[in-house]
Amino acid sequence: MFKRIAAIIGIFVCTCVAWMILGTSIFYRTDNLGPVLSSRVGSTWGTAQEQRPPSVNYFTDEVKTVTVEENGKKIEKQEHYNAAHLVGLESSHLGADFQIDYRKKGLLWFSTYKVAFDGTYTFKNPMGREEVFTIRLPLPAKQAVYDNLQLTLDGTPLVLNYGGAEVSASGRVAANGTGLLKAGYRSQGLDNWSYQFSNGEEVARINDFHLLMKTNFGGFDFPENTLSPTEKHETAQGWELKWDYQNLVSGFNVSLKMPQKLQPGPLAGKISYFAPVSLFFFFFLIFILSTLRGIDLHPMNYFFLAAAFFAFHLLLAYLCDHVSIHAAFVISSLVSILLVVSYLRLVVNLRFAVVDAGLSQLIYLVLFSYAFFFEGFTGLAVTIGAILTLFVVMQMTGRIKWTERFTTKVAGEGFATR
């Protein structure tokens, strides 16, 4: 009996090593290809976007005195130059409408989105005469597509000049008047969208700021060191998020992290690393049941059972690259259970194969693995399963004389097979 147990333990250890290799290979494929795949998605769809407020300037003709040297003498001259004067924004009323549109590359899903942005800003002409103002709107990302990009000043469309990572335009505002600037575009990005007040190294002051985000999804998050919404409401389509401030002083920005879809690669890797726990419970229960019922299972039988368990994870790891993770999980589960039941039907009988082994495999392989689909509940599910298994086995074996049982096995059977 002790040699039999040692052989089963050896099979268990070898299978665990195979699972560790499989899990490592899955994570290697995911971790090493992840940045490459993300770059490919960004090159065809767009990258994370960071929108900044527009800058408004006007220019005046100024004169300055400079000292120059001519013919060995220093003389003073007056030079004319255009001095730029930055005008602060009096108010910002912004809207951003998001629609999630996932993209899959290899074993990973990427949170790509579409965004429609519109902003209404006001600023004042501090001069007692009509001035020409130069407006620059930073684009939120270089790797992006912008549709229907436009700037208007007091309802008049402006002629846009494109340069680098911004667009610029010029418009006139009456003496001591207030300019109403509108900016808008449709674009698409990846993972995050943010509105930047500050570069992170300084504190910014923003007057009369209002931002309304609309989404057609839930499950979003707000990254660390960003402002949470002052209000949020769930709608029939998704969520409405509001940031309302009258006089904001902050070094934080507004940012929205898109919901992450269940990742097939990392999930398959985690399930593979967890597989030894499932096999341990299965072997333990099958060993107890076969011992109680006098069923002779040779270590080679345990070897084929372990191989059937390993087939589940191997098939899941490569099938999820071609079909959805849920479909791959169902197919892999059915294949593994069919292997075990059909095999033990020949080794023992149909009832033991279906009721004892099949039900145990359903619990310890399928349900335990499925717990990984619910992040945060895996440990709880395993704990409950372990406690229930312990309770059932303790009740079943409470009256068993293990010394007599092992002695009988050693004397009468050894490694005998059916």
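Placing R0 at 41 angstrom, the Cβ-Cβ distance between Asp321 and Ile5 gives a FRET efficiency of 0.60 after rounding to 0.05. The Stokes-Einstein estimate for segment 24-169, based on a Kirkwood radius over Cα pairs and taken at 37 °C with 0.692 mPa s viscosity, is a diffusion coefficient of 166 µm²/s.
Legend: distances between Cα atoms for Lys104/Lys142; Lys3/Lys270; Lys214/Lys261; Lys104/Lys232; pairs beyond 26 Å are Lys3/Lys270; Lys104/Lys232. Evaluated at q = 0.23 Å⁻¹, the base-10 log of the normalised Debye intensity for segment 234-319, with identical point scatterers placed on the Cα atoms, takes the values -1.14. Figure note: Asp101, Asp31 ranked by solvent-accessible area, largest first, 1.4 Å probe, ligands and nucleic acids not counted: Asp31, Asp101.
Note on His326: accessible area approximately 100 square angstrom, rounded to 10, probe 1.4 Å, nucleic acids and ligands left out.
Here each label is just a point 7 Å from Cα along the line to Cβ, and for Leu149 and Val66 those points are 3.5 nm apart.
For segment 1-98, the carbon plus sulfur part of the accessible surface works out to 56%, probe radius 1.4 Å.
Which number comes out as Rg/Rh for the chain once both Rg and the Kirkwood Rh are worked out on C-alpha atoms? That ratio equals 1.25. Specify the angular offset, from 0 to 90 degrees and rounded to the nearest 10, of the alpha carbon long axis of helix 402-412 from the longest principal axis of the alpha carbons in the chain. Around 60 degrees separate the two axes. Dividing the summed -39500 (n - 2.57) terms of all DSSP H runs of n ≥ 4 by the residue count of the chain sets its mean residue ellipticity at 222 nm at -12500 deg cm²/dmol. Inter-label distance, Asn247 to Arg136: 2.9 nm, where each label sits 7 Å from its Cα along the C-beta direction. Near Phe123, the amide H atoms lying under 5 Å from its own belong to Glu90, Gly179, Leu181; only residues 5 or more places off or on other chains count, and H is placed 1.01 Å from N.
The GluC sites (Glu not before Pro) of segment 144-209 that DSSP puts in a loop, and whose beta carbon has at most 13 other beta carbons within 10 Å, are Glu201, Glu202. Under a model in which nothing but the beta-carbon of Lys, Arg (+1) and Asp, Glu (-1) is charged, the chain shows a dipole of about 2240 debye around its Cα centre. Between Glu79 and Thr44, what's the calculated FRET efficiency when r is the beta-carbon distance and R0 is 60 Å? Round to 0.05. The value I calculate is 0.75. Counting 0.36 nm for each residue step from Trp402 to Lys124 and taking away their Cα separation leaves a gain of 91.0 nm. Placing unit charges on each Cβ (+1 for Lys and Arg, -1 for Asp and Glu) gives the chain a dipole about its Cα centre, and among Asn225, Ile400, His322 the Cα reaching farthest toward its positive end belongs to Ile400.
The values are calculated or read from the model by the stated rules, or taken from the named source; none is laboratory data. Worth saying up front: this structure is predicted, and the values here are computed from it rather than measured. Virtual Cβ from ideal backbone geometry, glycine too; neighbours counted across all protein chains shown. Surface accessibility is based on the protein's heavy atoms, side chains included, excluding ligands, DNA and RNA. Shrake-Rupley method; radii C 1.70, N 1.55, O 1.52, S 1.80 Å.
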